[in-house]
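Just below is one structure, and these are the notes that go with it.
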Amino acid sequence: MDIQFTPNITEDETKVSHVVPRRRWDRWLYIAILVVLLGSLLKWLIYPCFFDLSEGILLQQQYDINFAEDIRILEYHVEDGNEVKVGDTLFVYELQNNTYPANQDSISLMLDRDKDRTLLIELNAEIEKRQLFIWQHKKRLKYWKSEKNRKEQLVYLNAITPNELANVDRSIDDVSSQIATLNAEYAVLIKQRKQISNYLQSRSDMQYKDMQLKSSHSYFVSPVEGQVDRLRTPLNQINYKKDIVASIIRPEYIVRAYIDIDRLNDFRIGDMVSIILPYRHTKLEGEVAKVYMVSEPKDTSFSDNTVKDKSGIVMEIIPSSGNKPEWVQLGVSNIPVKIRKFKIHL
């Protein structure tokens, strides 16, 4: 029986036949990282050569409702997101006077009225005194006149001398003069009482109206047209002075941007710029509408301690013609954005 053997295979040939080629993924990864780094470096070096850059805040026209006094919200006539027009009632409120509550105002008003009443009583007492003095002096005048008639007859009969009659005439003149003085004082007091009464009545009416105003309900109507953004104060809660009750948002957008002092000549009124949003890749086209002269601190939303120049010249950017619908569809406000302007004019 013949036995056939396979050809001899060396050990090295067997190992080579089972070796799988090795893929170099790490090299491709290093190359990709290198390309990204080189691209970033080139962008950092070349980008400023073609574009003027700035930072800003995307803002929507906003009307904040606040008061100089503390108020209590009693009722809302609108909800978040409602569209309102000029003159629409937004809410009902009442003033809160923490220093003088309503009952304290009533007590103060009563005390003032008691003081006024005391003043009028004293003035009426002076008037009554003048009336009594006038009555007494008229009674004396009547007596001296009758005495004059009697002494005139006695002089006619040579019973007394004419000097005694002259003394009576002097007494009549003195009493008449005193009566005239008392009448003048009486007239002045009457006029003064009338003026004081009118003044006190007017002041009392004003105090009463003021107390009514403090305790009455007032209605706040919208001064502008727009959309109610947020009702911040709950019902029956106190909204303290200068705190915002609600905001009315108008559809118009603007960008408030800052120009570094050393790059002031890069932007001019009428320049077309691109607005780069932080949350989407699409760009908005805008136009520089205003450039103010006075610098001011940059907004804290994008300036920090690492920023060298913390102040800048303010410019306002508005939507360019034909690009307004894209601005209206943003649906967000008060966010930091980048402003870019192409240096080369084609």
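The values are calculated or read from the model by the stated rules, or taken from the named source; none is laboratory data. Owing to the predicted nature of the structure, the values given are computational and were not obtained by experimental measurement. When we count neighbours, we look across all protein chains shown, and the Cβ atoms used for this are built from the backbone with ideal geometry, even at glycine.
Among the residues making up region 278-288, those that are at pLDDT 80 or above and either assigned to a loop (DSSP other than H, G, I, E, B) or of a type in the set (Asp, Glu) (or both) are PRO278, GLU285, GLU287. Checking ARG113, ARG117 one by one, the residue that is at pLDDT below 85, surrounded by 14 or more Cβ atoms within 10 Å (Cβ to Cβ) and in the same structural domain as LEU200 (by TED's automatic domain parsing) is ARG113 and no other. Within region 65-98, the set of residues being of a type outside the set (A, V, I, L, M, F, W, C) and outside any loop (DSSP other than H, G, I, E, B) comprises ASP70, ARG72, GLU75, TYR76, GLU83, THR89, TYR93, GLU94, GLN96.
Residues of region 73-87 being surrounded by fewer than 15 Cβ atoms within 10 Å (Cβ to Cβ) and within 10 Å of VAL224 (Cβ to Cβ), which ones? Matches in region 73-87: LYS85, VAL86.
So is ILE275 closer than 24 Å to GLN62 by Cβ and at pLDDT 85 or above or not? Yes, satisfied.
Being of a type in the set (Lys, Arg) and surrounded by 16 or more Cβ atoms within 10 Å (Cβ to Cβ) is a property that holds for LYS151. Tallying residues that are touching a strand residue (DSSP E or B) at 6+ places or on another chain (Cβ under 8 Å) and at pLDDT below 80 within region 183-227 yields 5.
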